[in-house]
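The block underneath contains the structure these notes are about, expressed in structure tokens.
The values are calculated or read from the model by the stated rules, or taken from the named source; none is laboratory data. Predicted model, so just to flag it, every value in this text is computed and none were measured. For neighbour counting, all protein chains shown are included, and Cβ atoms are generated from backbone atoms with ideal geometry for every residue, glycine included.
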Amino acid sequence: MRVAVFSSKPYDRDSLISANAAHGHQLEFFEAALTPQTCGLAEGFEAVCVFVHDQLDEHLLRCLVGEGVRVVALRCAGFNNVDLAAARALGIQVVRVPAYSPHAVAEHAVALMLTLNRHTHRAYNRVREGNFALNGLLGFDMHGKTVGIVGTGRIGAVLARILHGFGCVLLGADLQENPDCLALGMRYVDRDTLLAESDIISLHCPLTPETRHMIDVHSIPRMKRGVMLINTGRGALIDTQAIIAGLKNGHIGALGLDVYEQEEHLFFEDHSNEIIQDDLLERLLTFPNVLVTSHQGFFTREALTAIAETTLGNLARLERGEPCPNAL
Ligand code: NAI
């Protein structure tokens, strides 16, 4: 299939070209994001391959149809950036990569927790400057702490397994209980109970109208004072204004973010020579107990290989006219 790959970075190119040896698709790579302005690049391609920040609303989907595109291949799990109803109405097939490495994201969530807890981000800088004092670096044992996992699907379940190894007490909130988590001794509770009882809260549910801003001015006061909050799900699960207020008044003890509400204007690109205009993000970055990473939870060799193989396999199935289990 002829595929226009948008928002492509050198690492995407490497993994897709390598996986394509088994398929023989005609891939063309564009660094540009897919927008109404760049949509013309897709002219004559049957498929576009896009990532998390490409916003495929009805207007853009109509533009794609005009260029002859009939398939959208998401090389990610989340699909909140695609208007699926419009795609269906326009006859565009949308496929995704539902699972590539839940370990990658779960392990990154643990990295954020341990770094914030033991302040290794600060210790690294201190020691390099000859400051060997321990003041301000006091942490806590993970063992025995209560961790609340919101969304106990593929990633949440791997996180539960890792934290079980640490000896944490596990709480879960989900629409359905995961037998693997129950087997680890996880106790399922409603979201309010999870917020109230957890020392650490980690978000692993999809972004939907129901989960949008689940952490807001109403839910923060219900949490334990000093709670650690980790978000590797989607930025808009958290109301950023509210979390800044919670950090300022000390209710939030530590915050680890791999995703951020307005990330599509910044993440994945080098803005180090510019004046960053996002005042909320810049305020977040002033807190010593906040750690932000640039949506890198998925970024392991194993995950990139799996993403490329599944994406190209999805396209091959559609090309052969076979049903695709990863169709949305
Ligand atoms: P999954 O579909 O296996 O699990 C999601 C779980 O959330 C399911 O068990 C579902 O029942 C639950 N859920 C849905 N609505 C809920 C609600 N209102 N309250 C509580 N639970 C709810 O998905 P997976 O693979 O575990 O991924 C989870 C999320 O992680 C994705 O939706 C995506 O947004 C994010 N993600 C982030 C990455 C990163 O690089 N930071 C990479 C991959 C995914």
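Some observations on this one:
- Identity of the residue in the stretch 218-242, β-branched (Val, Ile, Thr) and more than 18 Å from the chain's Cα centre (by Cα), that ends up farthest from ASN81 (Cα to Cα): VAL227
- Hits in the stretch 188-209 (condition: modelled with pLDDT of 95 or more, in a loop (DSSP other than H, G, I, E, B) and under 15 Å from the mean Cα position of the chain (by Cα)): HIS204, CYS205
Residues checked against (1) closer than 18 Å to ARG317 by Cβ; (2) within 16 Å of the ligand (Cβ to nearest atom):
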position: GLY44; (1), (2): no, no
position: LEU74; (1), (2): yes, yes
position: TYR100; (1), (2): yes, yes
position: HIS103; (1), (2): no, yes
position: ALA106; (1), (2): no, yes
position: ASN117; (1), (2): no, no
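- Tally of residues being more than 13 Å from the ligand (Cβ to nearest atom), hydrophobic (A, V, I, L, M, F, W, C) and surrounded by 20 or more Cβ atoms within 10 Å (Cβ to Cβ) across the stretch 196-213: 1
- Residues located in the stretch 241-280, provided they are without any contact (Cβ under 8 Å) to a residue 24 or more places away in the chain and either buried (at least 19 other Cβ atoms within 10 Å of the Cβ) or not hydrophobic (A, V, I, L, M, F, W, C) (or both): LYS248, ASN249, HIS265, GLU269, ASP270, HIS271, SER272, ASN273, GLU274, GLN277, ASP278, ASP279
- Residue within the stretch 71-83 that is touching a residue at least 24 places away in the same chain (Cβ under 8 Å), within 19 Å of PHE298 (Cβ to Cβ), assigned to a helix (DSSP H, G or I) and under 20 Å from the mean Cα position of the chain (by Cα) present: no
- Test: residue in the stretch 156-171 that is of a type in the set (Val, Ile, Thr), more than 23 Å from the chain's Cα centre (by Cα) and in a helix (DSSP H, G or I): no
- Qualifying residue in the stretch 123-139 (condition: part of a helix (DSSP H, G or I) and touching a residue at least 12 places away in the same chain (Cβ under 8 Å)): yes
- Picking from residues in the stretch 152-195 that are in contact (Cβ under 8 Å) with a residue 40 or more places away in the chain and touching a Gly at 6+ places or on another chain (Cβ under 6 Å), the one that is surrounded by the most Cβ atoms within 10 Å (Cβ to Cβ) is THR152.
- Filter pass, GLN93 being touching a residue at least 60 places away in the same chain (Cβ under 8 Å) and more than 24 Å from THR232 (Cα to Cα): yes
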